[in-house]
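Q: Take this structure first; my questions come after.
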2 protein chains.
Amino acid sequence: MSEPARRQRVRVATEQEIREHTRAVLVTRGRDGLTLRAIAAELGMTAPALYRYYGSREDLLRAVASDICTELAGELAAASAAAVGELEPADDRRVSIAAVFAACRAFRRWALAHPAEFVLAFASTDQACPSDCAAGCRCGHAQFARAFLGVGVRLLAEHGIRLPADEELPPELVAALTPYRRTVLDTVAEAGIAVTDEVVTVGAVHFFLQAWARLYGHVALEVLGQFRFALDDAEPLFESMLADLAGHLS
Amino acid sequence: MSEPARRQRVRVATEQEIREHTRAVLVTRGRDGLTLRAIAAELGMTAPALYRYYGSREDLLRAVASDICTELAGELAAASAAAVGELEPADDRRVSIAAVFAACRAFRRWALAHPAEFVLAFASTDQACPSDCAAGCRCGHAQFARAFLGVGVRLLAEHGIRLPADEELPPELVAALTPYRRTVLDTVAEAGIAVTDEVVTVGAVHFFLQAWARLYGHVALEVLGQFRFALDDAEPLFESMLADLAGHLS
DNA sequence: AACTTGAGTGAACGACGTTAACAATCGGGG
DNA sequence: CCCCGATTGTTAACGTCGTTCACTCAAGTT
């Protein structure tokens with residue numbers, strides 16, 4: 001029975017190799033130069049061979065975008081862990097805040113260093129989820145959100161954070177967020193992070209989504225070059241955004 | 001001498017007609033169906049004729065994106081003015097805040113109603129400014145920012161708003177923002193809005209850019225469908241963001 | 001009336017995504 | 001061992017794309 005498994009293994013390896021070379025072509029030749037023939041040539045193949053592995057160019061790009069999100073999620077977790085390692089473990093909540101900051105800065109740095117990949121994975125309509133992107137979805141954004149949730153939930157769980165109580169939020173906001181709160185709880189539990197239900201409040205997921213929108217907004221504007229009309233260097237603006245977020249948490 | 005001017009007029013009219021039909025094709029057939037042949041067919045022409053008016057497909061799309069920004073800027077100003085008209089003029093600063101809110105809501109509504117145009121004008125790398133997008137730049141984003149500046153500066157000028165003094169901001173942030181502050185002052189003066197220099201502080205432009213990043217971040221995520229992993233309806237989240245912005249202004 | 005200029009056409013080029021028909025290779029069962 | 005079916009790759013080709021070129025034709029100038 002290892003025989004079909006063997007075939008399967010080399011097939012999966014080829015698929016991965018295709019995605020890696022696709023990323024390489026994306027980086028070196030830009031999005032316009034990202035043709036099937038260029039990808040195949042880099043692999044020593046011809047373009048139609050790619051159709052043995054992916055149903056279409058869009059399928060392939062979707063898979064690559066998912067790869068990018070996975071890799072980025074790992075980098076964020078690593079950057080976060082590294083930042084924690086540099087601090088005294090007894091330094092209470094500052095450690096957790098530093099972990100979140102490190103992940104945010106790593107996201108910005110990565111995006112600026114990999115603009116083409118950022119646009120493909122985070123600023124394209126193409127590779128949106130297949131409609132029912134819910135709880136266990138492995139698609140790009142959800143998987144990537146999990147990385148942020150990891151550090152964020154730690155911050156919530158290990159140190160009491162002042163956030164608006166559910167009663168202070170407008171009822172329609174609570175209603176809109178409640179399903180996602182359940183998703184977060186499931187995701188966190190599945191990830192093995194021990195956390196009681198009371199710590200992940202609706203206010204917490206609200207803050208999380210707002211923070212994500214700010215982070216994404218800044219980084220997307222900067223990567224797309226749409227801050228240049230105002231700023232040469234957007235880093236101080238980014239840092240002040242982080243400081244403002246931290247202020248909400250104090 | 002009216003003869004060459006006449007030629008010029010019909011030429012300009014044709015250029016505009018081309019851009020209008022380009023938008024129509026973008027809306028009806030989507031970005032993938034936006035081919036030169038489709039555009040030309042809608043005009044009763046053939047594709048090569050378009051090259052008499054635009055040097056390339058990208059040139060044309062850039063011009064269309066600029067058109068979109070101009071139109072949107074007008075809509076935002078109109079929505080803002082309409083909201084002001086609905087209130088008692090004596091209602092102090094609430095009027096100005098309502099004007100800003102109306103512009104923000106109009107931006108979101110427009111983006112959701114015109115996703116393809118939003119992506120073309122606000123989420124593409126292609127049509128970035130020709131590098132020196134500075135003071136008098138007529139390119140998309142700057143022109144569009146002017147519309148927001150209009151309502152924002154009113155808010156600043158007519159009613160004292162509590163914003164951090166320049167000394168409270170990190171010095172590198174002040175340094176990064178000071179050139180843009182001058183640009184804003186010039187833009188505002190050029191637009192005929194009477195405002196003293198003291199009202200447009202570095203803190204004010206800082207708040208303006210932060211607010212723009214939040215607004216853009218939310219709307220882009222929503223239009224690109226990247227909130228769906230969490231929310232069915234992002235409007236309550238949007239409204240809570242506006243409320244939070246207003247809180248910073250109180 | 002001859003000449004210049006500008007707008008528009010049709011044919012064509014090279015490259016693209018994709019499909020179809022065909023060759024080679026590989027693993028498992030008589 | 002050898003043949004068989006599946007898998008993986010090839011080449012040739014189709015239709016469409018952006019773009020260029022050579023050409024026509026009408027309008028305006030002198």
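Q: Determine, from the Cβ-Cβ distance of B:Ala41 and B:Val12 and an R0 of 22 Å, the FRET efficiency 1/(1 + (r/R0)^6), rounded to the nearest 0.05. Before the final figure, lay out the partial values.
A: Details: r = 22 Å, r/R0 = 1.01.
Here the calculated transfer efficiency is 0.50.
Q: On a 0 to 90 degree scale, rounded to 10, what angle separates helix B:235-249 from the longest Cα axis of chain B?
A: 50 degrees
Q: If each residue's Cβ is checked for other Cβ atoms within 10 Å, how do B:Arg52, B:Arg146 rank with the fewest at the top? Provide the component values of the computation, followed by the final result.
A: On the way: B:Arg52 11, B:Arg146 19.
Result, fewest neighbours first: B:Arg52, B:Arg146.
Q: Between copies, how close do the A:Glu198 label points come, placed 7 Å along Cα→Cβ, listed in nm from shortest?
A: Label-point separations across copies, in nm and ascending: 5.1.
Q: Treating the point 7 Å from Cα along Cα-beta-carbon as the label, what are the nm separations from B:Ala49 to the other copies, to one decimal?
A: 4.6
Q: Hey, another quick one. Which GluC sites (Glu not before Pro) does region B:55-115 hold that lie in a coil by DSSP with at most 12 other beta carbons within 10 Å? Write down the numbers at each step before the final one.
A: Values: sites: B:Glu58, B:Glu71, B:Glu75, B:Glu86; in loops: B:Glu86.
Of the GluC sites (Glu not before Pro), the ones in loops of region B:55-115 whose Cβ has at most 12 other Cβ atoms within 10 Å are B:Glu86.
Q: Something else now. Take the Cα atoms of region A:204-250, build their convex hull, and give its volume per residue in Å³.
A: On the way: hull volume 2.7 nm³, N = 47.
Taking the convex hull of the Cα positions in region A:204-250, it is 57 Å³ per residue.
Q: Here is a further query. Can you tell me how much longer the chain between B:Arg94 and B:Thr178 gets when fully stretched, taken as 0.36 nm per residue apart minus their C-alpha distance, in nm with one decimal?
A: Numbers: separation 84, 0.36 × 84 = 30.24 nm, distance 2.87 nm.
This chain segment gains 27.4 nm when fully extended.
Q: Need one value for B:215-225: mean number of C-beta atoms belonging to other chains within 10 Å of its residues' C-beta atoms. Please list the in-between numbers first.
A: Numbers: counts 2, 9, 12, 7, 2, 8, 8, 1, 1, 10, 7.
For this peptide, the per-residue mean of nearby foreign Cβ atoms is 6.
Q: Quote to one decimal, in nm, the extra length available between B:Thr70 and B:Glu20 on full extension: 0.36 nm per residue of separation minus the C-alpha distance between them. The partial results should precede the final answer.
A: Numbers: separation 50, 0.36 × 50 = 18.00 nm, distance 1.30 nm.
Going from the current span to full extension adds 16.7 nm.
Q: Which distances, shortest first and in nm, link A:Gly85 to the matching position in the other copies, using label points set 7 Å out along Cα to C-beta?
A: Here A:Gly85 shows inter-copy label distances of 6.3 nm.
Q: Given the C-alpha centroids of region B:3-57 and region A:35-105, what is the distance between them in whole angstrom?
A: After rounding, the separation between the Cα centres reads 40 Å.
Q: Turning to a different aspect of this structure: Compute the FRET efficiency between A:Ala243 and B:Glu58 as 1/(1 + (r/R0)^6), taking r as their Cβ-Cβ distance and R0 = 30 Å, and round to the nearest 0.05.
A: Working: r = 39 Å, r/R0 = 1.31.
It comes to 0.15.
Q: Please give, to one decimal in nm, the separation of the simple spin-label points placed at B:Tyr51 and A:Glu235, each 7 Å out from Cα toward the Cβ.
A: Computed distance between label sites B:Tyr51 and A:Glu235 equals 4.5 nm.
Q: Roughly how tilted is helix B:202-223, in degrees to the nearest 10 and between 0 and 90, from the longest Cα axis of chain B?
A: Long axis of B:202-223 versus the principal axis of chain B: about 50 degrees.
Q: Let me ask you something else. Can you work out which chain A residue has the shortest Cβ-to-axis distance for the rotation that carries A onto B, and give it in Å?
A: Here the nearest residue and distance are A:Gly217, 1.
Q: What is the extension gain from A:Thr28 to A:Leu112, computed as 0.36 nm multiplied by their sequence separation minus the C-alpha to C-alpha distance, in nm to one decimal? The partial results should precede the final answer.
A: Numbers: separation 84, 0.36 × 84 = 30.24 nm, distance 1.54 nm.
Contour length minus Cα-Cα distance gives 28.7 nm.
Q: Quick one: plug the Kirkwood hydrodynamic radius of the protein assembly as shown (C-alpha pairs) into Stokes-Einstein at 37 °C, 0.692 mPa s, and report D in µm²/s. Don't skip to the end; give the middle numbers.
A: On the way: Rh = 24.9 Å.
After rounding, the answer is 132 µm²/s.
Q: Take peptide A:230-236, look around each residue's Cβ out to 10 angstrom, count Cβ atoms belonging to other protein chains, and average those counts.
A: Numbers: counts 16, 6, 3, 3, 3, 3, 10.
Per residue, the number of nearby Cβ atoms from other chains is 6 on average.
Q: While we're looking at this one, here's another question. So how far, in whole Å, is the C-alpha centre of region A:213-250 from the one of region B:169-215?
A: So the two Cα centres are separated by 15 Å.
Q: With a cut-off of 8 Å between alpha carbons and a minimum separation of six or more residues, what is the relative contact order of chain B in percent?
A: Numbers: 205 pairs, mean separation 44.0, N = 250.
The normalised contact order for chain B reaches 18 percent.
Q: Next question, about the same structure. Expressed as an acute angle from 0 to 90° and rounded to the nearest 10, what is the orientation of the C-alpha long axis of helix A:2-29 relative to the principal long axis of chain A?
A: 80 degrees
Q: Same structure again: What average number of partner chain Cβ atoms lie no more than 10 Å from the Cβ of the residues making up A:205-212?
A: Details: counts 2, 3, 0, 1, 9, 7, 1, 6.
The mean count of partner-chain Cβ atoms within 10 Å per residue comes to 4.
Readers should treat all values here as calculations from the given coordinates under stated rules, not as data from a laboratory. Bear in mind that the values here come from a model prediction, so they are computed numbers and not experimental data. Here Cβ is always computed from backbone atoms with ideal geometry, including for glycine, and neighbour counts include all displayed protein chains.
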